[in-house]
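Enquirer: Could you have a look at this structure, given as structure tokens, before my questions?
The values are calculated or read from the model by the stated rules, or taken from the named source; none is laboratory data. Given the structure is predicted, the values throughout are model-derived calculations rather than measurements. Note that each Cβ is placed from the backbone with ideal geometry, even for glycine, and that neighbours are counted across all protein chains shown. The accessibility values were calculated without ligands, DNA or RNA, using every heavy atom of the protein model including side chains. Shrake-Rupley method; radii C 1.70, N 1.55, O 1.52, S 1.80 Å.
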Amino acid sequence: MGFIAYLVLGLIAGAIAKAILPGKQGGGLIATLIIGVIGAMLGGWIGGAIFGAEMDKFFSLSTWLCAIGGSLIVLVIWGFITNKMGKKKVD
């Protein structure tokens, strides 16, 4: 896949991850793109290392599952770093 394909994959995977795990993580389109691209790279690395999945085809189910899974991981980590997901409301 080319660079533009990874950006598109990352943007869509990041948006799907935010839809699956809604919250107050913050960030707009650029943050979603960055989370998605980092997540796609992380998911591709984990998928390749553990499951032997290949991330070379844009329309492959394994590519999308790895990218979305990686984006979810990055989104959870981002939420804890910004302390918006782990913060408890105290009255």
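Enquirer: Pull out all pairs, ordered by first then second residue, where Cβ-Cβ is under 6 Å, the residues are six or more apart or on different chains, the first lies in the range 42-69 and is farther than 13 Å from Ala13 by Cα and open to solvent by less than 30 Å² (accessible area, probe 1.4 Å), and the second is modelled with pLDDT under 80 and small (Gly, Ala, Ser).
Expert: Final answer for the pair search is Gly47/Ala53.
Enquirer: Is it fair to say Ile12 is open to solvent by 30 Å² or more (accessible area, probe 1.4 Å), modelled with pLDDT under 85, over 13 Å from Ile73 (Cα atoms) and not in a loop (DSSP other than H, G, I, E, B)? Show your work before the answer.
Expert: Numbers: open to solvent by 30 Å² or more (accessible area, probe 1.4 Å): yes; modelled with pLDDT under 85: no; over 13 Å from Ile73 (Cα atoms): yes; not in a loop (DSSP other than H, G, I, E, B): yes.
So Ile12 does not fit the description; no.
Enquirer: Another question, if that's okay. Go through the range 37-50 residue by residue and tally those that are farther than 11 Å from Cys66 by Cα and in contact with a Gly (Cβ under 9 Å, 6 or more places away or on another chain).
Expert: 2
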